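Right, one structure below, let's go through it.
The values are calculated or read from the model by the stated rules, or taken from the named source; none is laboratory data. As the structure is a prediction and not an experimental result, all values here were calculated from the model. Glycine gets a Cβ as well: all are built from the backbone with ideal geometry, and neighbour counts include every protein chain shown. All accessible areas refer to the heavy atoms of the entire protein, side chains included, with ligands and DNA or RNA removed. Shrake-Rupley method; radii C 1.70, N 1.55, O 1.52, S 1.80 Å.
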Number of protein chains: 2
Amino acid sequence: MNIGYIGIGIMGRPMAQNLIKAGHTLFVHNRTLDKCDPLTELGASVWTTPAHVAAMSEILFINVTDTPDVEAVLFGADGVIETGKPGLIVVDNSTISPVKTKAFAARLKERQIDFLDAPVSGGDVGAQNGTLSIMVGGEKAVFEKCLPLFEVLGSKITHVGEVGLGQTCKACNQLFCALHMLACSEGIALAKKAGLDPATMVEVVSSGAGGSWALANLGPKIVAGDMAPGFMIDLLCKDLNYTVDQGKQINQELVGTALAQRLFEQARTEGYGREGTQALYRVVEDSQTGRWKHEHAEETVG
Amino acid sequence: MNIGYIGIGIMGRPMAQNLIKAGHTLFVHNRTLDKCDPLTELGASVWTTPAHVAAMSEILFINVTDTPDVEAVLFGADGVIETGKPGLIVVDNSTISPVKTKAFAARLKERQIDFLDAPVSGGDVGAQNGTLSIMVGGEKAVFEKCLPLFEVLGSKITHVGEVGLGQTCKACNQLFCALHMLACSEGIALAKKAGLDPATMVEVVSSGAGGSWALANLGPKIVAGDMAPGFMIDLLCKDLNYTVDQGKQINQELVGTALAQRLFEQARTEGYGREGTQALYRVVEDSQTGRWKHEHAEETVG
């Protein structure tokens, strides 16, 4: 099948690569073109604009950083909409605003272009191994057309409902990741300062009703002082904005998530944005009683 | 072995029962004496005061609700200290204050009575099946003397360090349970209000980096509206007080845990104290944007 892939980054590159390996013909584009070089070697053809890629594709994947990036790919100069023919399916693997996602889908629909939001979780390792979890929103019939491709990219594929709900599901996922990391950070800080070996605490709590993926996988990294990403704080901050924004849009107070968001933003302010999410620990460990009183008094309940 | 067990409640009864089944001679006491009846039938002898039980025991377990209850059993009228002989080992299975625990151990030590704090997790089901996780603080040699009994009661036994650190480890465990339940409540509320099937969200997120024991086990109960305990909000509130207090004592800000504590207290105020911890969801679901602004403006950052 003729497949487009726009956004050849840490996630997009191995995902496009897996599609090539599965026998598909890939047309690719990236803002920094030379990032496509490893795919050229595998037989992909590189194009200078999204419009070029869209002209060649039956199904077009997008995997870029943020909502404005997706908007530019679709509707900007030389965007997908300029050449995309009726019947084209656009699949967005980025993690972006659920609200804007619906608007994008509606605009494409006017040109008979179908759209699925299909954010992923599982990180670069999952992308490389084709073991991502993919949360797909959009029409069921369109989802089914793309399912064989999703099965190349991931091992857990879920059609979660109408367009936008893939992003909502990802927003929920990030909410859990953020609050679990806050729990890890506070638990480990408490243990450490109380004189309880934090590695022992992590091991004991992980095995019971206090356990989480974060504690089992990132807890030991915190204990070891290993803050390498994994998943960067900068990106989690971006994602949490969408989670909290969606809460506001639908009048659902998310007071815990909003607190976690502010602490991750604080970590970013302190220079830890390009570290793994477990570097939230640095902020929590430093925060002696009262530290937050003045800085966050108003926002904490916003 | 001659073993005392004081506090024949939902946890203590099956734990004492397992000790009888393992061949030990049990001397038991409970404030409401007739709760001991099922153990009498199995051959335990019931005594009217802690002092009587302590006089008969080589190792004496306590499993009562709160710090003042343990204090009364040990040092109140007809307390353990009145008859406990040098060499007696007291094992406290209650979940109480780590700080007071150290003081209790010190007072007993003056009489050559050894003390282990050994709070458990795993609930009444774990108590019945002998599959509890037991977190033990105290001297290693004393721990080793009691290990064969712990192995009757639980399947994961960990000596976590000196006296008091068992309670600290439990305090950490409860911190994780509380924050994970906050994540579950906010995630499910967000999904539901956004039109995403919450059961689908729970299933998708559980399987990945957002997963937790709470989400996998209590998430489906929230979705089904099943708020039966499990572990009651009243008890988690009590436990979280100790977690937050210990943070204050050692100057470790626990801003997330303190927020979760206030929300669980709110659930209690609203009449959900005797429901399972998953009933926190009722409070979170109801909280439309702005609800917390006035009520919690000052405390949220306390």
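Can we say A:Phe75 is open to solvent by less than 10 Å² (accessible area, probe 1.4 Å) and either out of contact with any Gly (no Cβ under 9 Å at 6 or more places or on another chain) or outside the structural domain of A:Gly7 (by TED's automatic domain parsing) (or both)?
no
Every residue, every condition in (1) farther than 24 Å from A:Asp234 by Cα; (2) touching a residue at least 40 places away in the same chain (Cβ under 8 Å); (3) among the charged types (D, E, K, R), yes or no:
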position	(1), (2), (3)
A:His52	yes, no, no
A:Ile59	yes, yes, no
A:Val64	no, yes, no
A:Ala72	no, no, no
A:Asp78	yes, no, yes
A:Ile89	yes, yes, no
A:Asp117	no, yes, yes
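Give me a count of the residues in the range B:29-55 that are among the hydroxyl-bearing types (Ser, Thr, Tyr) and assigned to a helix (DSSP H, G or I).
1
If you check every pair at least six apart or on different chains, which have Cβ atoms under 7 Å apart with a residue in the range B:275-286 that is more than 12 Å from B:Met181 (Cβ to Cβ) first and a residue that is among the polar types (S, T, N, Q) second?
Matching pairs, first to second residue: none at all.
Within the group B:Gln246, B:Gln278, which residue is open to solvent by less than 30 Å² (accessible area, probe 1.4 Å) and facing chain A (nearest Cβ under 9 Å)?
None of the other options fit; the residue is B:Gln246.
Going through the range B:98-118 one residue at a time, which ones are open to solvent by less than 10 Å² (accessible area, probe 1.4 Å) and within 14 Å of chain A (Cβ to nearest Cβ)?
Listed by number, the residues that qualify are B:Pro98, B:Thr101, B:Asp117, B:Ala118.
Based on this model, can you work out whether B:Asp69 counts as within 15 Å of the chain's Cα centre (by Cα), more than 17 Å from B:Gly166 (Cα to Cα) and not β-branched (Val, Ile, Thr)?
Here the answer is yes, as B:Asp69 does meet what is asked.
Looking at the structure I just gave you, is B:Ser121 under 17 Å from B:Asp92 (Cα atoms), open to solvent by 10 Å² or more (accessible area, probe 1.4 Å) and at the interface with chain A (Cβ under 8 Å from one of its Cβ atoms)?
So B:Ser121 fits the description; yes.
Test B:Met56 against the criterion of being touching a Phe, Trp or Tyr at 6+ places or on another chain (Cβ under 6 Å), on the phi < 0 side of the Ramachandran plot and either in the same structural domain as B:Ile134 (by TED's automatic domain parsing) or hydroxyl-bearing (Ser, Thr, Tyr) (or both), and give yes or no.
yes
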